[in-house]
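Heads up: the structure comes next, in structure tokens.
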Amino acid sequence: MVRGKTQMKRIENETSRQVTFSKRRNGLLKKAFELSVLCEAEVALIIFSTRGRLYEFSSSRCSSVNKTVERYQRKIKDLGVSNKGIHENTQHLKEGDMSMAKKIEHLEDSRRKLLGDELDKCSIDELQQLENQLERSLDKIRARKNQLFRERIENLKQEEKCLLEVNKRLREQYRIDRQRCLSDQDAELVTEKEAEEVETELFIGRPERRMPLKLKSATHSAHKYIA
């Protein structure tokens, strides 16, 4: 026979109710024991019948259910403290977010006013504060700009100084190289002049009696004559 599905409601018949309680109580105690053995879990089970009779089970052999109950109470207390701390931290973060949102809104409002927007609702004092703030900002901007100009001028002076030194060295090197080149050219001219001086023999008289006479190049012929 197929067992029908048990309806989850109070059993009206007292005898049937007592029989069902006994069966399910034993099954529940068995399941608690199996859970403690198979999974090495600390299990405590407390059952009160309708007549007030106590049934309990503890997986710990050295102590009763009270040890597990005390552990449970300590755990609940720790969780309560932890939950309280989490709640306080959450509340603090929410307050911080709200404060940050207000600051961001204030900064955005100030930025718009500094740009000249939404000035219709500003009073004379607020406009004066904005003007003073802008003047201070302009003073800082001008000071920074002048500082950058001075630094740039100093850098350019240093670059000019380096270029002048390089130019001076190049001029000196050019002068030395030019002198050396001119000296080499003078030496070549002297060598060429010596090579041009060629001796020439000139014979005067009859073939049987000729007198040799040595002549040099045209450069020295003006100083020689035939005797």
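The values are calculated or read from the model by the stated rules, or taken from the named source; none is laboratory data. Keep in mind that this is a model prediction, so the values were computed, not measured. As a convention, Cβ positions derive from the backbone with ideal geometry for all residues, glycine included, and neighbour counts pool all protein chains shown. With ligands, DNA and RNA removed, areas are computed over all heavy atoms of the protein, side chains included. Shrake-Rupley method; radii C 1.70, N 1.55, O 1.52, S 1.80 Å.
If you go through the stretch 1-37 and pick out every residue that is among the charged types (D, E, K, R), assigned to a helix (DSSP H, G or I) and open to solvent by 100 Å² or more (accessible area, probe 1.4 Å), you end up with 5.
Against the conditions (1) more than 33 Å from the chain's Cα centre (by Cα); (2) modelled with pLDDT under 90; (3) assigned to a helix (DSSP H, G or I), Gly116 satisfies every one except (3). The set of residues in the stretch 120-167 that are open to solvent by 100 Å² or more (accessible area, probe 1.4 Å) and of a type in the set (A, V, I, L, M) comprises Ile124, Ile141, Leu163, Leu164.
Every listed requirement among (1) farther than 30 Å from Val19 by Cα; (2) open to solvent by less than 70 Å² (accessible area, probe 1.4 Å); (3) at pLDDT 80 or above is met by Ser82 save one, (3). Collect the residues in the stretch 38-63 that are over 19 Å from Lys75 (Cβ atoms) and surrounded by 11 or more Cβ atoms within 10 Å (Cβ to Cβ), keeping them in residue-number order. Scanning the stretch 38-63 gives Ile47, Ser49, Tyr55, Glu56, Phe57.
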